[in-house]
Amino acid sequence: MKNTKYFIGLDVHKQKTSYCVRNQLGNILTEAETATLYSELEPRLKPYLASAIIGLESCTSYYTLYQNFLKKGYQIKVANTIQLRQLITKNDKLDAQRLSEMLRLGTFPCSYIPDEKIQRLRSLLQVRHTLMEEKTRCNNRIQAFLDRNGIIMPDQEAFSKKWRHQLLQYIGSGDVSLELRYEYDHFIYLEKQAEHLDQEISGYTLKHWKNEYQLIQSITGFGPVLSCYVIAHIHPITRFSSNRKLRRYAGVVPAFQESADKKSKGHIPKTSSRKHLRWALIQAANAAGRTNTKLGRYYQKKKKQKNNAGIAHVAVASSMTDIIYKVLTTKKPYNPRSC
């Protein structure tokens with residue numbers, strides 16, 4: 001920072017990027033918009049880059065720009081968007097100005113940037129979620145078709161083994177529309193794709209983070225795939241100074257707001273910096289709640305106290321983050337007696 005003469009703020013979007021360059025006194029030297037391409041942006045900023053620090057806002061389009069600047073040896077930081085939203089209103093030009101000013105003043109809220117291996121794992125998990133969402137939509141379309149046409153199905157959970165057997169018998173009878181046949185074939189295709197992707201995700205995680213992968217699976221409720229979600233979003237665990245920081249990051253603890261003598265009631269935030277991590281924790285809590293284990297009994301206790309399964313799932317998920325923090329920091333498998 002001693003040799004830094006310029007502070008460059010970038011407000012990055014898919015099609016365009018606003019930039020603002022300030023000097024050490026805070027004066028704006030240049031600002032404009034350009035396409036979100038390194039080949040377009042670098043020539044405009046070239047006179048300042050050798051003695052500059054760059055700050056940009058984390059978004060879906062930032063990663064390629066970030067990597068290009070980083071590979072060229074330029075100083076660059078990515079802002080934590082959650083903290084930014086608490087501070088500023090949205091305006092592309094003003095955002096670029098404020099980012100450059102925060103860099104100059106040393107108040108820039110930095111965000112963690114994963115390495116390329118973690119980034120690839122996150123991308124694979126995002127594809128998996130997209131497949132799951134399409135599979136759910138296909139499931140709903142099939143059930144809607146059955147309801148519309150008055151087709152009676154067994155009194156079992158939809159798409160269970162017996163339920164599917166009955167559906168296949170109906171499809172095989174010949175007296176069925178192409179709509180239902182197509183939807184069921186599409187559902188089977190999505191199911192197989194998801195299975196293959198799960199194997200690829202698990203294999204990739206095992207290859208690069210074998211010890212962490214095995215440690216997380218020692219915790220009740222975590223299978224091969226859910227363990228991948230944890231690694232994708234919290235590795236390395238040294239990013240978090242305490243288990244409380246990890247819980248807050250995962251969005252499984254109540255948020256409080258306090259002003260003067262007024263204090264709002266705690267609630268679980270609707271959004272989280274890592275929604276897929278929270279989803280995985282809730283899924284693991286749901287699985288643990290069906291077991292006769294320490295975590296399973298804790299789930300049943302909370303469910304009875306609150307008369308609400310959702311609250312019980314979040315309570316168990318919060319406890320799970322503490323366990324995850326302990327097993328990853330101590331590098332020892334989960335032992336219910338010590339947690």
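The one condition from (1) touching a residue at least 24 places away in the same chain (Cβ under 8 Å); (2) closer than 23 Å to Tyr112 by Cβ; (3) in a helix (DSSP H, G or I); (4) not hydroxyl-bearing (Ser, Thr, Tyr) that Arg244 does not meet is (1).
Residue by residue, here is whether (1) touching a helix residue (DSSP H, G or I) at 6+ places or on another chain (Cβ under 8 Å); (2) under 16 Å from Glu200 (Cα atoms); (3) in contact (Cβ under 8 Å) with a residue 60 or more places away in the chain holds:
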| residue | (1), (2), (3) |
| --- | --- |
| Cys110 | no, no, no |
| Gln126 | yes, yes, yes |
| Lys135 | yes, no, no |
| Asn139 | yes, no, no |
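Go through the residues of region 220-233 one by one and say whether even a single one is in a helix (DSSP H, G or I) and either among the basic types (Lys, Arg) or over 18 Å from the mean Cα position of the chain (by Cα) (or both). No: zero hits. Looking across Leu10, Leu29, one residue alone is part of a strand (DSSP E or B), touching a residue at least 12 places away in the same chain (Cβ under 8 Å) and over 24 Å from Ser61 (Cα atoms). It is Leu29.
Filtered by the rule that a residue be part of a helix (DSSP H, G or I) and out of contact with any Ser or Thr (no Cβ under 6 Å at 6 or more places or on another chain), region 32-42 gives Tyr38, Ser39, Glu42. In region 130-149, the condition of being exposed (fewer than 12 other Cβ atoms within 10 Å of the Cβ), at positive phi and out of contact with any Gly (no Cβ under 6 Å at 6 or more places or on another chain) is met by no residue.
Among the residues of region 280-315, those that are without any contact (Cβ under 8 Å) to a residue 40 or more places away in the chain and among the hydrophobic types (A, V, I, L, M, F, W, C) comprise Ile282, Ala309, Ile311, Ala312, Ala315. Would you mind stating whether Gln305 is farther than 19 Å from Val230 by Cβ, assigned to a helix (DSSP H, G or I), modelled with pLDDT of 85 or more and polar (S, T, N, Q)? So Gln305 fits the description; yes. Considering Val12, Val21, the condition of being assigned by TED's automatic domain parsing to the domain that holds Gln97 and at pLDDT below 90 is satisfied by Val12 alone. Entry remark, region 38-60: residues being at pLDDT below 90 and not small (Gly, Ala, Ser) number 4 in total.
The values are calculated or read from the model by the stated rules, or taken from the named source; none is laboratory data. All figures in this text were calculated on a predicted structure; none of them were measured in a lab. Cβ atoms come from the backbone with ideal geometry, glycine included; neighbour counts cover every protein chain shown.
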